[in-house]
Structure formats: C-alpha cells, structure tokens
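Read the structure below first, then the notes.
The values are calculated or read from the model by the stated rules, or taken from the named source; none is laboratory data. From a predicted model like this one, the values you see are computed outputs, not experimental measurements. Here the Cβ is made from the backbone with ideal geometry for all residues, glycine too, and neighbour counts use every protein chain on show. These area figures cover heavy atoms from the full protein model, side chains too; ligands, DNA and RNA do not enter into them. Shrake-Rupley method; radii C 1.70, N 1.55, O 1.52, S 1.80 Å.
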Amino acid sequence: MSSLPEKKNDQLTAAWQSPSNIALIKYWGKHGRQLPRNASISFTLSEARTQTSVQLTPIEHTEEIELSLYFEGQRHQGFENRTKNYFQELSTLFFPWLKEHSIRIDTSNTFPHSSGIASSASGMSALALCLCELDAKLRNAETDHESFLKRASLISRLGSGSACRSTYALLALWGTHESVPSSSDMYAIGLGDELHPVFRNYHDDILIVSDREKSVSSSAGHQLMENNVYASARYNQAQERLTAMLQALREGNLQAFVKMTEEEALTLHALMMCSSPSYTLMTPETLNVIQHIQNYRRETGIPVCFTLDAGPNVHILYPNEVAPQVSSLIQDHLLPMCSGARIIRDKVGSGPCPVAR
C-alpha cells in the first residue's frame, strides 16, 4: 500500500501525484451516478499530471464541509464549491470523518486546465488517492496495494468518470465488457501486464493548439448523448471496437492500433457535432494537423497517428523507435501550423505515486 500520511500536532497530510490518461476507445455518455454507457480503455500518461495535498485539522462535527481549495497557489471558488459537493456525498457513503475536520487542498497541474487534456481525470484521481490514504490512517487500517488502488478508482469515479482509469499504470479499462470478466462499471482495472512491449514506452506528444477553456464542458457533452440519435449505435460500436483494440494492444499490431485510434477520435467529435444543440470543439488548426499527420504516414509508412480528447488539442502517438523522425515532423511542420502552439512531450507512464513531504 501507499506510505501513510504525515501527522503533526493532530494534523494529517497526504499528497499524491496522479497522471492524466488518454482514452483509445472513448467513453461518451453516462447514466446513473457516473456510470458509463460503454467500456473504455486508455493509456496512462507520464508528464501531464496533477499534484495534490490534503491537510486535515480536527474540529467539532459539523453538517457542512469546511474546506478551502487552492489551485496553483490561488484560492479557487469554483473548484472549491464543486469539491464541497463531492465531499458531502463521500461523507455519507465512505468518509464520515470529512465532517470532523477542516480541510485544506492544494493542487496544481503540469498542463492547462479545461483545454481537453482530461484535467479532471488527473485532479480527481490525485484527490481520491489522498482521501483513501488519510482514511487508512484514521482507521488504522491495512490493505494490499491492489485493493487500495481499486478503492481509489471507485472514489475518483464519483468525481470524474475518466479519473478512475488514472489510478493504474500503463493501460486501464473501465466499464463492464464481456471479454474481460473482472471488468466493472464501478471502477477501472489495470491491464498493464497484458500490454505488448512496443506500447510500454509509447510516445504521446500533446500539441496544445489552444489553451482556452472549452465552450462546452465534458459533463454537458455527456448529457447531450441522452438525446443523440446515434447513441445506441455508438455504444454497440464501442463495445465491438474495444475487443479488437485489446487484441491489437496485446499483439503489438500497430496497423490495427493506428486505424482504430483515429476512428475513435473522429467518432467522438462527430457525436458532438451530431448533438442537439450541435457544437464543435475542433479548430481549423486541429484539422490541419490531423490531415498533415495522415499525409505524412501515407508518404513515409511511419506509424504515427493522432487521437483527440474532448477539446481541440491533438495527441500525437507513435512508438519509441521512430521518435527522431516524428520529433522533426512536429518541430518543422506541425508547430508552425498553429500560432502560439506548444507541445507537451509525454509517454505512457507508470501511474500515480505518493509525494514525499
């Protein structure tokens, strides 16, 4: 299990870093309390991370959550209100001690918030890991590492669906799927042990086309799927594609991986454009980058491909053996196509870790 939190003068502190993840088979549409309409699978990233610390100070029991939240050094009322609502639910379901402490949260990202790099995934998973560690200390409980991660995955799912995948290294699956008996809608499971070696150091360079906040949040986008005329067909398609994607990831089949990864990205954004009301998160620069990557792959045979999250920024995926060529492509051609763009060099990563204090 994780290291236990620091204790000073009856205060408890836990701190974790947790990565974002990039879905290969997308989840878009949910029901109930943060439950997915279809299973999804994702690479865990390395450099796009959130670092969060949670400090508890004992107080008399109160019905209201007493909490202050600082995002990158500044108190953030929006995040604070959302977290209070989240903690209110957790205090009933899992952590009654939340109402017996004054809580201070400090959190920061290595990437722009609300620009389509799943900041809620890294943020909520880091927060959930802190809470699970604090809970273990307060209850003097011992648990094995896998059980700890599974619980953190469940807790993080209640804050952000995709966050439940960020608690695992390399590769994670969330959602019940007939080909994986241990899969569940309640939490993600790690499948890193099944990943072919070619994918274990796979690159994901994130081209920040725009760091402006999205015009439509992911939460709103999921809600719009309820009346999307293509929703049912999409959910069936995703379940079928996931079976094929798992096979490609296990076998190291780059051709199949490239094809399905790009199809999934375009399907996600097509669903947005087919929503009512319709909306578009891709920009002209996004489309230019996509076309350039596809043309480059056809001309060179180099297995570089793209995917998108719910935003305009482009994740450029490729195996480590072609890193020099793709780095030149990005530097010489893709970055100049996007005014003010910057790149986050990332890779498939080893998952979250506690932060020494």
Task: aspartates and glutamates whose Cα lies under 14 Å from that of Lys214, excluding same-chain neighbours fewer than 8 positions away - done: Asp309
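Where only protein heavy atoms count, and the probe is 1.4 Å, what is the accessible area per residue for region 148-195 in Å²?
Numbers: 1440 Å² over 48 residues.
I get 30 Å² per residue for this part.
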- [ ] For region 269-283, just list the computed ³J(HN,Hα) in residue order, Karplus coefficients 6.51, -1.76 and 1.60, θ = phi - 60°, integers in Hz, with x standing in for Gly and Pro.
- [x] 6, 5, 4, 5, 5, 9, 6, 10, x, 6, 8, 10, 9, 6, 10
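If I take R0 = 35 Å and measure r between the Cβ atoms of Ser328 and Asp193 in this structure, what FRET efficiency does the formula 1/(1 + (r/R0)^6) give, to the nearest 0.05?
Details: r = 34 Å, r/R0 = 0.97.
The pair Ser328/Asp193 has a calculated efficiency of 0.55.
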TODO: Return, for the Cα atoms of region 129-265, the radius of gyration and Dmax in Å, separated by a comma.
DONE: 17.3, 51
Task: Computed [θ] at 222 nm, deg cm²/dmol, the chain (DSSP H ≥ 4; -39,500 (n - 2.57); rounded to nearest 500) - done: -11500 deg cm²/dmol
Task: region 62-109, accessible area per residue, ligands and nucleic acids excluded (1.4 Å, Å²) - done: 51
Task: Accessible carbon and sulfur surface of the chain relative to its total accessible area, %, 1.4 Å - done: 47
Open item on the list: Using a Debye calculation, one point per C-alpha and no hydration shell, please list log10 I(q)/I(0) for the chain at q = 0.11 Å⁻¹ in order.
Closed with: -0.72
- [ ] Give, as ranges by residue number, the residues of region 131-149 whose backbone N falls under 17 Å from the point 7 Å along Cα→Cβ of Ser182.
- [x] 144-149
Task: Dimensions (Å) - region 232-329, Cα atoms, principal axes, largest first - done: 43, 33, 18
Open item on the list: Going by amide H atoms built from the backbone, whose H comes under 5 Å of the H on Ser102, apart from near neighbours?
Closed with: Thr57, Ile59
TODO: Multiply the residue separation of Gln223 and Glu142 by 0.36 nm, subtract the distance between their alpha-carbon atoms, and state the gained length in nm to one decimal.
DONE: 25.3 nm
- [ ] With unit charges on the beta carbon (Lys/Arg positive, Asp/Glu negative), name the residue among Tyr230, Gln247, Met260 whose Cα is farthest towards the positive pole of the charge dipole of region 225-303.
- [x] Gln247
- [ ] Give me the accessible area per residue for region 263-343, probe 1.4 Å, as a whole number in Å².
- [x] 42
Open item on the list: Ignoring solvent entirely, what values of log10 I(q)/I(0) come out of the Debye formula for region 60-196 at 0.11, 0.16, 0.17, 0.18 Å⁻¹ when each Cα is a single scatterer?
Closed with: -0.43, -0.88, -0.98, -1.08
Open item on the list: Can you work out the Karplus-derived ³J(HN,Hα) for every residue in region 54-65? Use 6.51 cos²θ - 1.76 cosθ + 1.60 with θ = phi - 60°, whole Hz, and x for glycine or proline.
Closed with: 10, 10, 10, 10, x, 9, 5, 4, 9, 7, 9, 6
- [ ] For the chain, with a Gaussian network of springs between Cα atoms less than 10 Å apart, report the residue from Glu89, Glu142, Glu264 with the top mean-square fluctuation.
- [x] Glu142
TODO: Could you list which residues have their amide H under 5 Å from that of Val314, counting only those 5 or more apart in sequence or on another chain, with H placed in the peptide plane?
DONE: Leu207, Val209
Open item on the list: Give me, ordered by chain and number, the residues 5 or more places off Asp204 or on other chains with an amide H under 5 Å from its own placed amide H.
Closed with: Asp346, Lys347, Val348
Task: Residue-wise HN-Hα coupling along region 244-253, computed from phi with Karplus coefficients 6.51, -1.76, 1.60 (Hz; x: Gly, Pro) - done: 5, 5, 4, 5, 5, 5, 6, 8, x, 7
- [ ] Give, rounded to the nearest 20 debye, the magnitude of the charge dipole that the chain has about its Cα centre when Lys and Arg contribute +1 at Cβ and Asp and Glu contribute -1 at Cβ.
- [x] 180
